[in-house]
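Below: one structure, written as structure tokens.
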Amino acid sequence: MGCRLKSVLFLILFKRGRVVHMHGELRSVSLSTRIIAFLWDYIIIAGYIILLIGVSFLIRPLLTPLFTKNPLSAEFAGFLFITLPVYLYFAVCEGSKSRATWGKRKAGIIVTGINGQSIGLGSSLLRSALKFVPWELAHFTIWHMVIPSNYPESFIYLLLAIVYVLVLIYLISPLWSKNKQTVYDLIAGTVIRYKN
């Protein structure tokens, strides 16, 4: 593609609100677009959490022992009620025919394999599991801070530091990757692209 044509294409895309990076046929998605897509998805996540809070008031006597007995039961209950549904939302939507969550569709982006193919449910489950490792590790450490546990305090703070390091790596990894892939995209063999 000629230099002048690339400049014209960049200006057209920039004016449409999409700054893209061209690498062959791949149109890499900027970090800001990915964050916007996640914020759209967070509307659904927040709605689900509000619904959970409402339901929890109705069944409070059943839930209280799950979240106060010990940190492991609290962690498991939190995983079952919060993390697992959110994880499945991302994994099922991105592994489906649409290849995108509601937020990604709003932002005009999809999750594909490196060559643009659909990733399928297996790769999507792996990608989402890797994506939510810091989130779940943070829940684990918080429950062990709130409810007394057998783990030494130094170990819990080390895990919390690992959470921050992982989040930082996840955020900056697209900056050094040719296709703007996060670490979990690189491992799962996926990439975020603009929908054609």
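Taken together, the values in this text are just the output of simple stated rules run on the coordinates, not laboratory data. All values reported here derive from a predicted model rather than from experimental measurement. Glycine also receives a Cβ, built like all others from the backbone with ideal geometry; neighbour counts cover every protein chain displayed.
For Lys195 and Ser154, a Förster radius of 35 Å and the Cβ-Cβ distance give a FRET efficiency of 0.15, rounded to the nearest 0.05.
Give, as ranges by residue number, the residues of segment 36-60 whose backbone N falls under 18 Å from the point 7 Å along Cα→Cβ of Val92. Residues passing the 18 Å test: 41-52.
Within the set of other residues whose C-beta is less than 13 Å from the C-beta of Ile35, count the net charge using Lys and Arg as +1 and Asp and Glu as -1.
With Lys, Arg at +1 and Asp, Glu at -1, the net is +3.
Kirkwood Rh over Cα pairs of segment 24-194 into Stokes-Einstein at 25 °C, 0.890 mPa s: D in µm²/s? Diffusion coefficient, whole number: 141 µm²/s.
Fewest first, what order do Ile59, Ile119 take by the number of other Cβ atoms within 10 Å? Could the numbers behind the result be given before it?
Working: Ile59 9, Ile119 23.
Fewest-to-most Cβ neighbours within 10 Å comes out as Ile59, Ile119.
Among Arg60, Arg127, Arg99, the largest mean-square fluctuation in a Gaussian network model of the chain (Cα springs under 10 Å) belongs to Arg60. When the Cα centres of segment 143-159 and segment 107-125 are compared, how far apart do they sit, in Å? The two parts, judged by their Cα centres, are 37 Å apart. Place a point 7 Å from the Cα of Ile36 along the Cα-to-Cβ direction; which residues of segment 76-114 have their backbone N under 15 Å from it? Answer for segment 76-114: 103-110. Under the membrane-span-like helix rule (DSSP H runs whose alpha carbons stretch at least 15 Å along the helix axis, mean Kyte-Doolittle hydropathy 0.0 or higher), the chain yields 3-15, 31-58, 84-95, 120-131, 133-146, 153-176.
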